[in-house]
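Undergrad: Before we start, here is the structure in question, set down as structure tokens.
The values are calculated or read from the model by the stated rules, or taken from the named source; none is laboratory data. Note that the structure is predicted; figures quoted are calculated from it, not measured. As a convention, Cβ positions derive from the backbone with ideal geometry for all residues, glycine included, and neighbour counts pool all protein chains shown.
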């Protein structure tokens, strides 16, 4: 085993709005946090072009630039960073053990901030045009498509919610689904059918996102007949779900059926005392940078209180 014998007060796993905010608060509390931020630090905002709905940026900001600001602010107060991926955790013994390849880091508390990843269709054209008309978050990017034609792909409640939300901005919203029946609740389907701006297009799969510099349309394939057709659009929203980045923790931390970590109501505490979960790794409802940052703050405050209680218990035993 290599690594260090030093026991950190706080180790934060993950580097996005939640992880960096937790690091900022922990660093200002003089807890000297170590942030193991991952190779893909910055989270989902690293593939977001303009962010216009985060307070304090009145002119908007590029997602990667905002994450660099968050990171730099935490670093200013003494947070340290490891730009690598955690390969194993052991919450069964104290101090907790966090393994990064051959290095083992020890911690009294751990804040899990590994986030979630949007599911994509896996098309080269979809990846190439991310941030140029392709998005996985209507509440983040809908306002960029005023008076535009928009396509949403998906068949669950979230897809219908996105489509209904996007009618505030677009002239037309087409919801594309590969089957003729929907997983969404009947009330959501009824609302969409009643909205004059929404067209439901089934059973079609997206074969290609069209456009060189930005989205100009989509090539669709009928899943029953194989027929191809093209439709025009300037915005394309993928709403086929998210996956929390929790595979490292599933055998040690309580989680729901979709893998999101469970926290005690009104706190960021997990089922393991001293381990806290913040941001999209435990939030499948709001999924915004600002709610992630808020829960990152909560996680740092919870960890600080937990450490203070540990210290008072140790002092009492010593006395």
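Undergrad: Would you check which residues across the range 246-264 are closer than 13 Å to residue 115 by Cα and either outside the structural domain of residue 100 (by TED's automatic domain parsing) or surrounded by fewer than 14 Cβ atoms within 10 Å (Cβ to Cβ) (or both) and list them?
TA: Within the range 246-264, 247 is the sole residue that qualifies.
Undergrad: In contact (Cβ under 8 Å) with a residue 40 or more places away in the chain, under 20 Å from residue 261 (Cβ atoms), touching a strand residue (DSSP E or B) at 6+ places or on another chain (Cβ under 7 Å) and in a loop (DSSP other than H, G, I, E, B): is that true of residue 15 in this structure?
TA: Values: in contact (Cβ under 8 Å) with a residue 40 or more places away in the chain: yes; under 20 Å from residue 261 (Cβ atoms): yes; touching a strand residue (DSSP E or B) at 6+ places or on another chain (Cβ under 7 Å): yes; in a loop (DSSP other than H, G, I, E, B): yes.
Considered against the rule, which asks whether it is in contact (Cβ under 8 Å) with a residue 40 or more places away in the chain, under 20 Å from residue 261 (Cβ atoms), touching a strand residue (DSSP E or B) at 6+ places or on another chain (Cβ under 7 Å) and in a loop (DSSP other than H, G, I, E, B), residue 15 comes out as yes.
Undergrad: For the range 71-87, state whether one or more residues are surrounded by 21 or more Cβ atoms within 10 Å (Cβ to Cβ), in a strand (DSSP E or B) and assigned by TED's automatic domain parsing to the domain that holds residue 17.
TA: There is no residue in the range 71-87 that is surrounded by 21 or more Cβ atoms within 10 Å (Cβ to Cβ), in a strand (DSSP E or B) and assigned by TED's automatic domain parsing to the domain that holds residue 17.
Undergrad: Considering each residue of the range 284-303, count those that are modelled with pLDDT of 95 or more and crowded, with 19+ Cβ neighbours inside 10 Å, and give that number.
TA: Going through the range 284-303 one residue at a time, the tally reaches 9.
Undergrad: I'd like to check which strands (runs of 3 or more DSSP E) are fully inside the range 192-271 and have at least 3 residues that are under 30 Å from residue 296 (Cα atoms).
TA: In the range 192-271, 242-244 are the strands (runs of 3 or more DSSP E) which contain 3 or more residues that are under 30 Å from residue 296 (Cα atoms).
Undergrad: So which residues in the range 36-63 are exposed (fewer than 14 other Cβ atoms within 10 Å of the Cβ) and at negative phi?
TA: 39, 52, 55, 58, 59
Undergrad: Can you tell me which condition residue 222 does not meet? The list is (1) outside the structural domain of residue 170 (by TED's automatic domain parsing); (2) in contact (Cβ under 8 Å) with a residue 12 or more places away in the chain, and all the others hold.
TA: So residue 222 meets the others, but not (1).
Undergrad: Can you tell me which residue among 68, 127 is assigned to a helix (DSSP H, G or I) and within 28 Å of residue 11 (Cβ to Cβ)? If you could, list the steps in order and put the result at the bottom.
TA: On the way: 127 fails: within 28 Å of residue 11 (Cβ to Cβ).
Within the list 68, 127, the selection yields 68.
Undergrad: Pick from 125, 117, 92: which is surrounded by fewer than 18 Cβ atoms within 10 Å (Cβ to Cβ) and at pLDDT 95 or above?
TA: Matching residue, one of 125, 117, 92: 92.
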